[in-house]
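Q: Below is a structure I'd like to ask you about.
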Amino acid sequence: MVLMNVPVGEAKPGETAPRRNYKFKNAAVTKPKGYSCSTVYEFFNEAVSKHGKNRPCQGWRDLIDIHVETKKVTKIIDGEKVSVDKKWFFYEKSDYQYISFGELQKTINYYGKGLLKIGLSPSAENKLHLFASTSPYWMRTFLAAQTQSIPVVTAYDSLGEEGLTHSFVQTGSTTIFTDNDLLVKLINPLKKATEVKYIIHSENLDPNDKRSDGSLYKNAVKAIEEIKKIRPEIKFYSLNEVIKLGQDNDATIDVHPPKPEDLSCIMYTSGSTGVPKGVVLSHENVVAAIGGVGGNIPDTLIGTRDRVIAFLPLAHIFELVFEMLVFYWGGIAGYANVKTLTDASCRNCEGDMKCFKPTIMVGVAAVWEAVKKGIISQIEKQPSTTQKVFWAAYNAKIASKKYYIPFVPSLIDTLIFKKIKQATGGQLRLVLNGGSPINSETQRFITNTIAKMLIGYGLTETCANTCVLTPELYEYDVAGSLVASVTVKLVDVPEAGYYAKNDQGEVLISGLPVMKEYYKNPEETKKAFEYEKGWFSTGDIGEWTSSGALKIIDRRKNLVKTQNGEYIALEKLESIYRSNKYVLNICCYADENKVKPVGIVLPNEAQVKELIFDLGLDKKAKKADDVEIAHYLHDKKLRRELTKSILETGKTGGLTGIELILGIVLVDEEWTPESGFVTSAQKLQRKKILASAKEEVDKLYDDNEANTTSCKP
């Protein structure tokens, strides 16, 4: 049997032997295969040369209009039923339009020269801050800055005022690129970010812009007026104006290529555990990262025929590196928005998936869980015969693949799963999960109904490099093969019972993609490399499996010691409980003075409505859709039934003893980056979630103790 990752040295006390991918055991790679580049600037130019200037590389849709519908909904406020207005937004978009490698190369060169023309200089002192949503304009700004050795700073478009201000002030950014609708979020931070001189907005300001009844134009103009009141010296430009300035001065302004060791970007973490940290990434870090993942995924698997739908935040290292890889493979990145992926929120047009027809889709665990539950919800609405046919076909496909029975999987796809595949555009070949672990049953379901799911594991600090699970050595429930650019070892975590002698421990990573430091944060930098110089401590607990794969089993900072002295891994619990059909999302909380955890649950509305209706709790409802969930969040019978179902999911997923939740609290606030309950990378903001439900959680614990006490003789 071929081991995915093989030892490349001797084990030391308290450590496993360091390992590398079996294909790269002699040396880790430092750049993409077949490329000689050492900087992002050189990499893109080399990609243009390899794939040709006429090949399309980016696609996008223009926003034609936003249609608003207002509906009455009932909410429980201070225990009273209140009817309130809720606005629903529907988006009308154009068809996809495309730009070629050659056109993009010309555009970013003009753009870079335009940056110098407005006043920036090719220096690490002139940082360009990207505070915008994922779009071709984000990527063009990033690449343009690289042509002039101007470092980029990235921040999530949903980052709160405090974190955004911190990133502006700490880096001393002189220029901000943002979307027109985000200009309003700059007003307060700019009171403290005094070094900002220029703001570039993504769209022109056009008085004839009638979208959303002209509010897009009016709101942007109003925000600029407010900024000018507090910072009259700041100059504003549209992206097109800066590009035009560069084009007009093309002959008189040179490019200033960076050196490999120069700063490419400072990427701020999402701040799920405190103030966001700025990860310092050099050009050679980024180039090595492209080579690392590219070494695991050859161009025979992904190449020029592929269309990758891009909707995750580009401020997340996972998305940034993957879009760089699309350039490497010569594919097309089709930009999309999470709100318009499907037809549901579109008007007079198809959703992005159907319109673009991607062959590859990258998502996070929360996306794939929602997709799975959506499919199952639709199946359960069908007649019992149809349901039986679906699950029989599903199990038959799994069995035929296990026993290598040809033709059966493709036949089942054509006859049974065709409609599911059509909803994603009908051409998906591969999907990729990253950002957080995914339940193995969800991985199996997506793989067998839509497309084979690859798994990626990495961190901002390692430039998204650690593992990629590829079809070559495919397993469920593992992170997979180490990428070609890193070396990994596991070290003891004695307080939690993880020891290297058992092939378990904290994951430590070395290699060229690993950052050198956190920006102006020597204390956190020291902690990150405290165990051994050159080895980044991830905080993740890993395990080498019998096949040599790396499996992530815990998160050190989310290990909670309970009253009886045992540790609970919250993320492990959540990844399993989240697969329950009634759960849209869940945050597990374990009080250190209690024995068991509880679950704060955001309910899957469609399924919970069905349950409320089936239980007969809503006497007025004639059908499940008539049920208002908000009325039943505190209903004991509903909570009891949901807890019972969620516990069954936990037991099926292998949870036992103190890992089984005591009970649940139901919440109805949306967990979105906008609400602040999750980051843009969909990581839980635990403190905020707990604070919003603390009273209910305390009551749940108190009621349980009261019941336990009353049962004692």
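Where a number appears in this text, it was derived from the coordinates with a stated rule and is not lab data. If you're wondering where the values come from, they're calculated on a predicted model, not measured in any experiment. Heads up, the Cβs are rebuilt from the backbone with ideal geometry, glycines too, and the neighbour counts pull from every protein chain shown.
Q: Assign one of three labels to the stretch 534-627, namely rounded, prolate or oblate, based on the Cα gyration tensor with a ≥ b ≥ c the square roots of its eigenvalues; rounded applies when a/c is under 1.5, prolate when it is not and a/b is larger than b/c, and oblate otherwise.
A: prolate
Q: Stretch Glu669-Tyr474 to full length: gain in nm at 0.36 nm per residue minus the Cα-Cα span?
A: Separation in residues times 0.36 nm, less the Cα-Cα distance, equals 66.4 nm.
Q: Still on this structure, I have one more. Can you figure out the FRET efficiency of Glu648 with Asn249, using R₀ = 51 Å and their beta-carbon distance, to the nearest 0.05?
A: E(calc), rounded to 0.05, equals 0.15.
Q: Note down the relative contact order for the stretch 562-711 as a percent, whole number, built from C-alpha pairs under 8 angstrom at least six residues apart.
A: This gives 23 percent for the stretch 562-711.
Q: Taking the Cα atoms of the stretch 288-417, report the difference between the largest and smallest coordinate on each principal axis, in whole Å and largest first.
A: Principal extents (Cα only, largest first): 51, 42, 24 Å.
Q: Could I get the Rg over Rh figure for the stretch 556-606? Both from C-alpha atoms, Rh via Kirkwood, rounded to two places.
A: 1.03
Q: Relative contact order for the chain: what percent, with Cα pairs under 8 Å and sequence separation of 6 or more?
A: Taking the mean separation of contacting Cα pairs over the length of the chain, I get 13 percent.
Q: What net charge is computed for the residues neighbouring Thr39, neighbours being all others with C-beta under 14 Å from the C-beta of Thr39, Lys and Arg scored +1, Asp and Glu -1?
A: -3
Q: List the residue ranges in the chain for DSSP H helices whose C-alpha atoms run 20 angstrom or more along the long axis and whose Kyte-Doolittle average is -1.0 or above.
A: 101-118, 215-230, 283-296, 365-380, 384-402
Q: Follow-up. Beyond a 24 Å Cα-Cα separation, which of these cross-linked pairs lie in this structure: Lys489/Lys551; Lys50/Lys339; Lys357/Lys452; Lys71/Lys609?
A: Beyond 24 Å: Lys50/Lys339.
Q: Counting pairwise Cα distances across the stretch 444-596, what percent come out greater than 27 angstrom?
A: The proportion of pairs with Cα distances above 27 Å equals 31 percent.
Q: Something else: Which far-off residues, 5 or more places away or on another chain, put their amide H under 5 Å from the one on Val279, with H placed in the peptide plane?
A: Answer set, sorted by chain and number: Met267, Tyr268, Thr269, Tyr519.
Q: Mind ranking 31-43, 609-621 by how tightly packed they are, going by the mean number of other C-beta atoms within 10 angstrom, highest first?
A: 31-43, 609-621
Q: Could you give the semi-axes, largest first, of the ellipsoid that matches the stretch 562-711, computed as the square roots of 5 times the alpha carbon gyration tensor eigenvalues and rounded to whole Å?
A: Rounded to whole Å, the semi-axes are 25, 19, 15.
Q: Can you tell me, using C-alpha contacts under 8 Å and at least 6 residues apart, the relative contact order of the stretch 435-493 as a whole percent?
A: 26 percent
Q: At 0.36 nm per residue, minus the direct Cα-Cα distance, what do Ser36 and Ser238 gain on full extension? Give it in nm, one decimal, please.
A: Roughly 69.2 nm would be gained on extension.
Q: Under a crude label model (7 Å from the Cα following the beta-carbon direction), how far is His634 from Asn704 in nanometres?
A: 2.1 nm
Q: Find the Cα radius of gyration of the stretch 101-199, compare it with 2.2 N^0.38 Å by division, and give the number to two decimals.
A: 1.03
Q: Within a Cβ distance under 11 Å of Glu571, other residues only, what is the Lys/Arg minus Asp/Glu net charge?
A: Charge balance in the 11 Å sphere: +4.
Q: Which residues in the stretch 94-112 place their backbone N less than 17 Å from a point set 7 Å from the Cα of Glu350 along the Cα-to-Cβ direction?
A: 94-98
Q: Students often get this wrong, so check it: of Lys23/Lys527; Lys87/Lys222; Lys222/Lys354, which have C-alpha atoms separated by over 27 Å?
A: In this structure, Lys23/Lys527; Lys222/Lys354 exceed 27 Å between Cα atoms.
Q: Packing-wise, with mean Cβ within 10 Å as the measure, how do 439-451, 246-258 rank, highest first?
A: 439-451, 246-258
Q: Cut-off under 18 Å on the C-alpha distance; same-chain residues fewer than 8 positions from Lys526 excluded. Which lysines are left, in chain and number order?
A: Partners within reach: Lys277, Lys516, Lys557.
Q: Please arrange Ser546, Ser123 by counting, for each residue, the other beta carbons lying within 10 Å of its beta carbon, fewest first.
A: The order, fewest Cβ neighbours first, is Ser546, Ser123.
Q: Once you've got the Cα coordinates, tell me which of Lys372/Lys581; Lys197/Lys228; Lys373/Lys421; Lys381/Lys651 are over 19 Å apart.
A: Lys381/Lys651
Q: Using a Cα-Cα cut-off of under 24 Å, which lysines could be cross-linked to Lys699, ignoring same-chain neighbours fewer than 8 residues away?
A: By straight Cα distance, Lys699 reaches Lys75, Lys81, Lys561, Lys594, Lys596, Lys636, Lys637, Lys644, Lys687, Lys688, Lys712.
Q: Also: Can you give me the Rg/Rh ratio for the chain, using Cα atoms for both radii and the Kirkwood formula for Rh?
A: That ratio is 0.96, to two decimals.
Q: Next up: Just the number, please: percent antiparallel of the DSSP beta bridges in the chain, rounded to the nearest 5.
A: If we restrict to bridges inside the chain, about 60 percent are antiparallel.
Q: With each label point set 7 Å from Cα along the Cα-Cβ vector, what nm distance links Glu532 and Lys561?
A: It works out to 2.6 nm between the two label points.
Q: Turning to a different aspect of this structure: How many angstrom lie between the C-alpha centres of the stretch 204-228 and the stretch 395-471?
A: If you average the Cα positions of each part, the centres end up 43 Å apart.
Q: While we're looking at this one, here's another question. I'd like the distance separating the alpha-carbon centroids of the stretch 473-538 and the stretch 127-149, in whole Å.
A: 30 Å
Q: Can you give me the orientation-averaged projected area of the convex hull built on the Cα atoms of the stretch 373-525, in nm²?
A: Spelled out: convex hull of the Cα atoms, projected over all directions, averaged, 13.3 nm².
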